[in-house]
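Just so it is clear, none of the values below were taken in a lab; they were calculated from the coordinates. Model, not experiment: these values are computed from the prediction. Glycine also receives a Cβ, built like all others from the backbone with ideal geometry; neighbour counts cover every protein chain displayed.
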Amino acid sequence: MKIEFCGASSGVTGSCHLITTENYKILLDCGQFQGGKAMDAMNHEDFPFDPAEIDYLVLSHAHIDHCGRIPLLVKRGFKGDIYCTDATADLLEVMLKDSGYIHEKEAEWKNRKRERSGRPLVEPLYTCNDAMESLKFVKPVLYDELVELNPEMRIVFNDAGHILGSAITELWITEEDHVSKVVFSGDLGVMDRPILRNPTIIKKADYVIMETTYGNRLHPKNAMDVKTLMEIVIRTVKRGGTVVIPSFAVGRTQELIYEFNQFYRDNQEYQQYLENLMVYVDSPMATTATEVFRRNAQVFDEDMKETITKGNNPLDFKNLKFTRSSEDSMFLNHDRKAKIIISASGMCEAGRIRHHLKHNLWDARASVIFVGYQAEGTLGRLLVEGAKEVTLFGENIKVNAEIYNLEGFSGHADRDGLLEWLSGFEKEPKQIFLVHGEEGSKMDFAKTVEEKLGYQPIVVQGNSEFILEKNELVNKEEAMQDAMDSEALAGIKKNISDIHRRLEGILYNTHLAVNEKLSPEKMAEINNIVLVLEKYSVNLGSAVTEENDHGMGLQD
């Protein structure tokens, strides 16, 4: 068995890792490179493998740097199954269609210039139709569901707490009489954040592929960042300026909506400023993604579910408005009233946010607040690092607005969060591969791991290949019996989880949409059903973990 790192090996974008056995090839993620012209050029290069030879693609989550080249993979010959969580599948349609549209528009813009100068025309990386074609290969599954890809490979998705549907993947690979377990962290989320559950702690692995986005940095306390965010908003509004927040359409935007909901509701002393202060989500993709969040309330954390069952909608409030049309978006820049604009993309590389920056960066009354990671080479990184002038749509723009970087809102675990997750393994994995981080971040985190845990991880540098040892010999009959037990338990749990999920969906989405139409008796009845199922799911999950302590089945 070997693993080849084909992306996110020298930075934080383009996640793509290939595992090859004697009989199968399985790809972990197929993300788009982001961060300026040089990185974009990498998206057009050939894959370092033949897409037609890939049997499966396992997707950790729906951010473009993890899924953005899937349509290209299909376009170049991939015909296998794409496995992801059901919530990721819902978001994937939103993300890939939007990405295809952006590639089409960028190609049209370039071709207008090329046609005038007599140069050859270019084709988009892929189109909306290519994106839709790729979705035909998607196979959604539930968290904790044991999926047999083939007689030699099984996977389980665990909640990563990064964005809706994000997953830590456990992969069991059988070669002859040997079983090895690979754990792919995907992107790990932050503990105790609103809306989503905490990242799952995994107990056993032979090999770990782990992200290190914030491997050498600590986040400020999120509560403090919320307070800082609101203080910036009030100061900006007092001077008549607009607050512009570049935000990733999936994850950060929904968290911001949640926080503004709380702020508008709980801070009466600021009502003179908040009463007529509108919050605009100016991103069709973010608008649609928020609708997907509302449809997947079954995977929210318990606090979020409790809020919903009390009749509150944390993803909506009186002063919130979603803008879809380009006309509505343009109006925001002609209307000089103080306002808050949340718009994609989070690194300012594409989308409507670039127009809002053009119309506000020069204005000393305005504030621009970054709430997520800014990769090298992006406009966001330039602004965070103090650029005094930037170019937007061919025009030089002076940076007079106040620029803030609130990293506490990042959806990535910081150094200590990464270390806490890694320390959850009961014994040292055979090897830990550090990816998805800038060079300094990976190197520093490797030193921290060695100092704190005594492990010596491999810092992956560039596209590289590693031969993995086979695991220790196991008794074939025992392994088969363990697998049968695991299948039986997994089947039972899947059935209960599926019922549980469907009822939760009915319950929480009913609260969000039409709870005033249900009688208190009916709502109490549904609540009781869900509570009973939750009890049995938890108990069964514990049983599954105990029965599969040998490491061949589910982790609860």
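Annotations for the structure displayed:
- Alpha-carbon spread of the range 131-194, three principal axes, descending order, Å: 44, 34, 17
- Shape call, the range 63-177: gyration tensor on alpha carbons, a/c limit 1.5: prolate
- Using the Cβ of Arg352 as centre and a radius below 13 Å, the other residues enclosed give a net charge of -1, where K and R count +1 and D and E count -1.
- Dipole magnitude of the range 222-409 about its Cα centre (Cβ charges: Lys, Arg +1; Asp, Glu -1), debye to nearest 20: 540 debye
- R0 of 45 Å, Cβ-Cβ distance Arg76-Glu426: FRET efficiency to nearest 0.05: 0.65
- Stretch gain in nm, segment Arg114-Glu451, where the contour uses 0.36 nm per residue and the Cα spacing is subtracted: 115.8 nm
- Structure note, pairs Lys388/Lys442; Lys75/Lys113; Lys97/Lys139; Lys37/Lys339; Lys25/Lys136: Cα-Cα distances above 22 angstrom occur for Lys388/Lys442; Lys75/Lys113; Lys37/Lys339.
- For the range 222-409, the convex hull drawn through the C-alpha positions has a volume of 116 cubic angstrom per residue.
- Other residues whose C-beta falls under 10 angstrom from the C-beta of Gly241 contribute a net charge of +4, scoring Lys and Arg +1 and Asp and Glu -1.
- Geometric extent, Cα atoms of the range 363-447 - Rg, Dmax (angstrom): 17.9, 56
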